[in-house]
Amino acid sequence: MISLSDANQRSITRFRRKLSAAMVLVASATTILALYLTQHNVAVTATRDLQQNFQTELSGLHQVEELRQAALAERCRVLAEKPRIHAALEDNALDLLYPSAKDELRDLMEGDTPVAQQGAGSLHARFYRFLDSSGAVLSPPNSKDVGELSPQAEAQLALKQLLETQQIGYIRENTDAAKETVHEIVAAPIFSTETGNVISALVVGFKPFELSGRGTGAGMKSGIWADNRLYLPSFPKEVRTALDNEIAKAVGNSRSAQNNFVVTINGAPQLLFYRRLNPDSLFPPAYEVCVYSLADSMAQLHRLRWQIGGAGVLLLLGGFVASHFVALRFAIPVQKLALDSQKNRAKRRRADIALVSTRKKLQRSTRYSADASHQLKSPVTVLRAGLEGLLARDDFKPEIYEELSALLHQTHRLTGVIEDLLLLARMDAGHLQLESQPVNLSQLIEEWLDDLGALSDSPYVKIEKKFPPDLYVAGEKHYTSLIVQNLLENARKYNWPDGLIRVNAHKNRNEIVLTVGNTGQPIARHAQSHVFDRFHRGGTATNISGHGLGLNLARELARLHGGDLRLVCSENDWTEFEVRFVSSPPTANGPSQNT
Amino acid sequence: MELPKSHSAPVVAQRYEIVTHGGVLSTQPPLAIVYLDGSFPKRAAHPIKQVAQKDLAFVPSLLPVQVGTKVEFPNLDDTYHSIFSYSPAKRFDLGRYRPEERPIPSEVFDVPGLVTLRCDIHEHMRGLILVLNTPYFVVTNPDGRFRLSGLPSGRYTLKAWIDSKTTREQPVELKNGVTAHVDFP
């Protein structure tokens, strides 16, 4: 029983701790992201809603302005047609201008309702003045009729030149030290009915339109920023002064006629919108300023922040518990894995040791076979030479010659065994190098079949062959020849007298398949699986020449050539082997020459 | 004398209107007033002149008078008129009146200068009265010819009022029983 080592136990604990930390981290990141997105979303929504409200309020203002401008244009057109106005302007009787216009503009000044109660949307003016053709203000003889205006304020009515379009402006007036008023002024051109030129202008002062703040209920305050100062009576002076600087900065920096930014008033954040009231006007720029309290959206944000924060904490706690369990659960397979790997490591170490030992054994055995073969070859050669020398003598009895020739036959057999062993040893050691080239298999088979027939000790066997004339395989001719020779010799050796050998070969895709079948006693079923073992002779009669290395050698060589050798069947007096070679195209020089 | 080229084809029963071009008042078709400048003894009594309102226009549209002359403004239309002037030479306002208004509304012009007549009700109506120191003046024909008779002898300046901004002058020496020919180029 393998138990986890302390080091493994520690690393698993570390893994579990890291997994928990990662999950906590993910939960925290999710919470923070949700908080950020929600906050952003709330801020964007609030700004958009307030922006819409501001635009809606402004559209009311524009409606009033358009109404006033249209009314004034009409008023000026009518005025211009008045002969007395004309006479006063053209006959150099400016002192008569105001008296002449008094009647015409009486309704402009005298409403049915007192001035203080008049709605901002009304057309009732606070004052009016005429400008002469150069844009200078024509002072009225009696300002009571045309609306009182301080000289400083009156001076602001002048224009550098008269234009053919109406000009909107905003001027401020300090009626006394504490009270400050802003007038909306509209300068409407008066065209001569005779020349069509602008001969004068009527400047009318109105009470500025006050935004009602209906859209958001309480919390919205609007004012006018003109002459670099903010007119917003509901704010104390120091707040207005602070806002003056902010707005001046924003207006100075931004080229657009409208924008918004957040300001802090008395510690509370407010969203401030501004928009140019008189674009393209000759009068100094003035801006409508709207301040919206962000208290509601801040409260909403605060609430949401708490909710999300709470949810985040819950998530965190849940995540912590879950991560603990998940980490435990995840750690089990990891623990198992660690245990397995520890077992596997032990096994592998043993296998490695066994492999090394086997490799050494194999090397030893291979070297031994090669050495033995070499050591055997020389005495056998000496023996054979001695026997052949004795056979050459003629002074022995005839039975001696028989014995000598049997011995010589045995030396030939011994040489075959040694050569086969040597070849196998070289193959086992991986020393056998092939020089692959196209080999004409059909020709090889034909040659070996011819040799079979020529053998003196061969009983008669019938041969059936069926293969195309030029089958080429990739291999080394010597070894390919050995394979074919082995199979054909076995087919002859283990045959009945008057038996049959059937040789077939054909091409199958990129393989050449050669089958060699023969009649004869089949290989015993239990021995069939050992037929390719070394020194195994398939339980056949021992009187048949052979040493039990041929099939093994043939199969090793077939495999070395990229092919294989197998026993197809051995039953009912019929044994058949199949060998497969790698097909090869013929050489460019034509079929290889048989040597 | 040569008058500015007329802009409209002459028609029968020609009406003379006062038109403004760039703030300059003149008659259309053009007419001029030729007068003998100088100081002459004042007359004891001036004949009463008339500028009527007929068919929503002043008739005549251009009237030269001597200082001190009383001009009546009879309303010959079947509607109200309200004749007034803001001219420095004479400011007056006759108020609204109907044709049957009696006595006929009138004004005495005692300061020399050009007086623009307007109607407060009909803004297009314009009339001119040229108040002169001299009793010797005449309105030219439409073709620019004029004849002044009964002039005292002596050296004078003959002036021609063409429009509210243009007055030409020529020195002239008058002799008894002799007709002098003066051309204003």
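For A:E476, what residues show an amide H to amide H distance below 5 Å, using hydrogens built from the backbone and excluding near sequence neighbours?
So A:E476 has HN proximity to A:Q437.
Going by amide H atoms built from the backbone, whose H comes under 5 Å of the H on A:E511, apart from near neighbours?
A:S583
Per residue of the range B:86-102, what does 6.51 cos²θ - 1.76 cosθ + 1.60 with θ = phi - 60° give for ³J(HN,Hα)? Whole Hz please, x for Gly and Pro, Karplus curve as stated.
The phi angles translate into 9, 5, x, 5, 6, 9, 7, 8, 7, x, 7, 8, 9, x, 7, 4, 10 Hz.
For the range A:345-424, build the charge dipole from Cβ charges (+1 Lys, Arg; -1 Asp, Glu) around the Cα centre, then report which of A:Y368, A:L404, A:V356 sits farthest towards its positive end.
Value computed over the given set: A:V356.
Can you find, among A:S20, A:L72, A:A491, the residue sitting farthest towards the positive end of the charge dipole of chain A, where Lys and Arg contribute +1 and Asp and Glu -1 at Cβ?
Checking the options against the dipole of chain A, the answer is A:A491.
What stretch of chain A, leaving out the sites themselves, is the longest with no chymotrypsin sites (Phe, Trp or Tyr not before Pro) in a DSSP loop having at most 13 other Cβ atoms within 10 Å?
A:1-395
With r defined as the distance between the Cβ atoms of B:V108 and A:A70 and R0 fixed at 56 Å, what FRET efficiency is calculated, to the nearest 0.05?
That gives a FRET efficiency of 0.75.
Using the Cα centre as the reference, give the magnitude of the dipole from point charges on the C-beta atoms of chain A (Lys, Arg: +1; Asp, Glu: -1; all else neutral), rounded to the nearest 20 debye.
Computed charge dipole of chain A: roughly 3400 debye.
Separation between the A:L25 and B:D55 pseudo-spin-labels, each 7 Å from Cα along Cα→Cβ, expressed in nm?
10.5 nm
What is the diffusion coefficient of the range A:345-424 in µm²/s, taking the Kirkwood radius over Cα pairs and the Stokes-Einstein relation at 10 °C with a viscosity of 1.306 mPa s?
The Stokes-Einstein estimate is 102 µm²/s.
What is the dipole size for chain B, taken about its Cα centre, with +1 at each Lys and Arg Cβ and -1 at each Asp and Glu Cβ, in debye to the nearest 20?
So the dipole magnitude of chain B works out to roughly 440 debye.
Apply the Karplus parameterisation 6.51 cos²θ - 1.76 cosθ + 1.60, with θ equal to phi minus 60°, to every residue of the range A:393-400 and state each ³J(HN,Hα) to the nearest whole Hz, in sequence, with x for glycine and proline.
6, 10, 9, 9, 6, x, 5, 5
Angle between the Cα long axis of helix A:6-81 and the longest principal axis of chain A, 0 to 90 degrees, nearest 10?
On a 0 to 90 degree scale, this one is about 30.
So what J values fall out for the range A:225-238 if you push phi through Karplus, 6.51 cos²θ - 1.76 cosθ + 1.60 with θ = phi - 60°, rounded to Hz, Gly and Pro as x?
9, 9, 6, 6, 9, 9, 9, 8, x, 6, 9, x, 4, 5
Hey, rough spin-label estimate for A:E435 and A:Y368, points 7 angstrom out along Cα→Cβ, what's it come to in nanometres?
With each label placed 7 Å out from Cα toward Cβ, I get 3.4 nm.
Kirkwood hydrodynamic radius, chain A, all distinct C-alpha pairs: what's the number in Å?
Value: 37.2 Å, from the Cα pair sum.
Obtain the nm distance between the two label points defined at A:T38 and A:D394 by a simple spin-label model: each point lies 7 Å from its Cα along the Cα-to-C-beta direction.
Each label point is offset 7 Å from its Cα along the Cβ direction, giving 12.6 nm.
When you have a sec, figure out the Kirkwood radius of the range A:434-582 from all distinct Cα pair distances and drop it here in Å to one decimal?
When all Cα pairs of the range A:434-582 are included, the Kirkwood radius is 15.4 Å.
Report, please, the projected area of chain B averaged over directions, based on the convex hull of its C-alpha atoms, in nm².
Projected area, direction-averaged: 11.3 nm².
Residues with amide H under 5 Å of A:R534's amide H, sequence separation 5 or more or different chain, H placed in the peptide plane at 1.01 Å from N; which?
Long-range HN contacts for A:R534: none found.
Bear in mind these aren't lab numbers, they're just calculated from the coordinates by the rules spelled out. The structure displayed is predicted, hence computed values, not measured ones. Using ideal geometry, Cβ is built from the backbone for each residue, glycine included, and neighbour counts are taken over all protein chains shown.
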